[in-house]
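Worksheet: the structure to be examined is printed underneath.
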Amino acid sequence: MYMNEFTAELIGTMFVILLGNGVVANVVLSGTKGNNSGWIVITTGWALGVFAGVVIAGPYSGAHLNPAVTIGLAIAGKFAWAKAPMFFLAQFLGAMLGALLVWLIYKDHLKVTNDPDCKAAVFCTSPAIKNTLSNLLSEVIGTFVLIFVIFYFTNPEMGVEKTPFGLGSLGALPVAFLVWGIGLSLGGTTGYAINPARDLGPRIMHYLLPIPEKGSGKWNYAWIPVVGPIIGAAIAACLFLLLKA
């Protein structure tokens, strides 16, 4: 097997979730070395997870690693709609695989953690204060910032098949800093999914995996981190096209 667009998106997304959900596990689960180390650790871990995923996938797929990125680029005419389903499948499978690896690493700590909400937090997001409209708005705005700024990373010489991240580690730095900034500034309300695959894939794994006393996956909330990022990406793409016209 060789690296192609599908495998790049799958493996890149897997690394994002492995490191991103992994840092959440390290902070919230009982008995870990990083227990209670705080939000700055979580946001930094997520930013570095995105950095790793972009470095791996960038040269092969452009490193979307997020259905919202794929949708935004397609709306803006920077990516072919015909390829979007393949990217979505790779992203969701990669997210599920990353969540599986986090479970394997932190199995013992999931067993000794009593709070089912902490166990669920390792896999999926939930609101700090449940309010459907404001929770949805948080995901819309967070993803809008992500996608709109990404458009201004664009290097026209890369062509429509590549995303704005550039190639290699230096090209991955801007998006890592962007995700870090979104987490620090806007992530406190819902946990800033800003990525349908990041939330839904691991939420499914939370449901499927044999986690002791895991409680509910809060499926009544699950649509918000899917629909919100899609809306945010669409608004960002439309605004970008309007300003570019």
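The values are calculated or read from the model by the stated rules, or taken from the named source; none is laboratory data. What you are looking at is a predicted structure, and each value in this text was computed from that prediction instead of being measured. Every residue, glycine as well, gets a Cβ built from its backbone with ideal geometry; the counts of neighbours run over all protein chains shown. What goes into the accessible areas is simple: the full protein's heavy atoms, side chains included, and nothing from ligands, DNA or RNA. Shrake-Rupley method; radii C 1.70, N 1.55, O 1.52, S 1.80 Å.
If we keep just the residues of the range 27-69 that are within 18 Å of Tyr192 (Cα to Cα) and among the polar types (S, T, N, Q), which is nearest to the chain's Cα centre (by Cα)?
Here the residue is Asn66.
Quick one: is Gly22 surrounded by fewer than 17 Cβ atoms within 10 Å (Cβ to Cβ), of a type in the set (Gly, Ala, Ser) and under 29 Å from His109 (Cβ atoms)?
So Gly22 does not fit the description; no.
Of all residues in the range 187-245, which are under 21 Å from Phe123 (Cβ atoms), part of a helix (DSSP H, G or I) and either without any contact (Cβ under 8 Å) to a residue 60 or more places away in the chain or aromatic (Phe, Trp, Tyr) (or both)?
Result: Tyr207, Leu208, Val226.
Those residues that are open to solvent by 10 Å² or more (accessible area, probe 1.4 Å), more than 29 Å from Lys119 (Cβ to Cβ), aliphatic (A, V, I, L, M) and in a helix (DSSP H, G or I), I need them from the range 53-106; list them, please.
Val55, Ile71, Ile75, Ala82, Met86
Just to verify a result, which residue in the range 188-223, among those that are of a type in the set (D, E, K, R) and open to solvent by 10 Å² or more (accessible area, probe 1.4 Å), is farthest from Phe15 (Cα to Cα)?
Only one residue fits best here, namely Glu213.
I'm trying to understand the selection: among the residues of the range 32-52, which are in a loop (DSSP other than H, G, I, E, B) and in contact (Cβ under 8 Å) with a residue 12 or more places away in the chain?
Matches in the range 32-52: Thr32 only.
Just checking, does the range 98-115 include any residue being more than 20 Å from the chain's Cα centre (by Cα) and modelled with pLDDT under 95?
no
Looking at (1) at negative phi; (2) modelled with pLDDT under 95; (3) crowded, with 20+ Cβ neighbours inside 10 Å; (4) not in a helix (DSSP H, G or I), which one does Gly171 not meet, given that it meets all the others?
All conditions are met except number (4).
Every residue in the range 231-245 that is open to solvent by 70 Å² or more (accessible area, probe 1.4 Å) and closer than 14 Å to Leu137 by Cα, please.
The answer is Ile235, and nothing else.
Within the range 118-133, work out how many residues are surrounded by 13 or more Cβ atoms within 10 Å (Cβ to Cβ) and part of a helix (DSSP H, G or I).
Residues meeting the conditions: 4.
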